[in-house]
Amino acid sequence: MNLLVTGTPGVGKTVISKMLAQKFNLKYVNEKDFALKNSIGSFNDENELEIPIKEFERLANEFLKENKNVVFDGHTLCEMKLNVDKVILLRVNPDDLELRLENRGYSTEKCWDNLFCEGIDYCKKHVLKNYSKSKLIEINSNFNEKLTFLELLAKL
Ligand code: DAT
């Protein structure tokens, strides 16, 4: 089983992906680590790695051909078509997301950018463009990690 976990930064992708990896014995792959390992992408002025979508997609699909039980974690993944069985889209309400991003030390501008993305369903719109509806599992991560995970397991 190959899974993809996506959503706006701060929605809880890493936490849930690692829980999935543990529960189903999957190899956990973070998009940034994967890009750096494959020497793709470049850092912008804010020291964020900008990932070239098509190149990443090609390398990740090659990786998925050779590695069968993988969970990919990343917000850019919504913009590409990876050969996975399920796409898990995490959502969170704006107040919780703002708090999480502030706690992370993000600048006001960066917090607003991400709140805006969540507000306009940026990741969802891309996911629906790139993956069939039957593959999509959309989950709110507003309460706590265990509850979110249980809700997800029931839908998998
Ligand atoms: P992401 O990988 O999407 O950027 P994360 O996994 O690092 O997000 O989690 C961001 C913060 O949110 C972190 O402080 C833990 C908290 N969190 C994660 N999942 C949660 C959930 N389901 N319910 C409540 N808080 C959660």
> Quick one: what pairs do we get from region 11-34, first residue on the phi > 0 side of the Ramachandran plot, second small (Gly, Ala, Ser) and modelled with pLDDT under 95, C-beta under 9 Å, 6+ apart or different chains?
Replying inline: Gly12/Ser141
> If you go through region 112-143 one residue at a time, how many are closer than 22 Å to Lys18 by Cα, modelled with pLDDT of 95 or more and outside any helix (DSSP H, G or I)?
Replying inline: 5
>> What pairs come out if I take residues in region 70-99 that are on the phi < 0 side of the Ramachandran plot and pair them with residues that are crowded, with 19+ Cβ neighbours inside 10 Å and of a type in the set (Phe, Trp, Tyr) whose C-beta lies under 6 Å away, six or more apart or interchain?
In response: Val87/Tyr131
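The values are calculated or read from the model by the stated rules, or taken from the named source; none is laboratory data. None of these values were measured; they are calculated from a predicted model. A quick note on method: Cβ atoms are made from the backbone with ideal geometry, for glycine too, and the neighbour counts reach across all protein chains shown.
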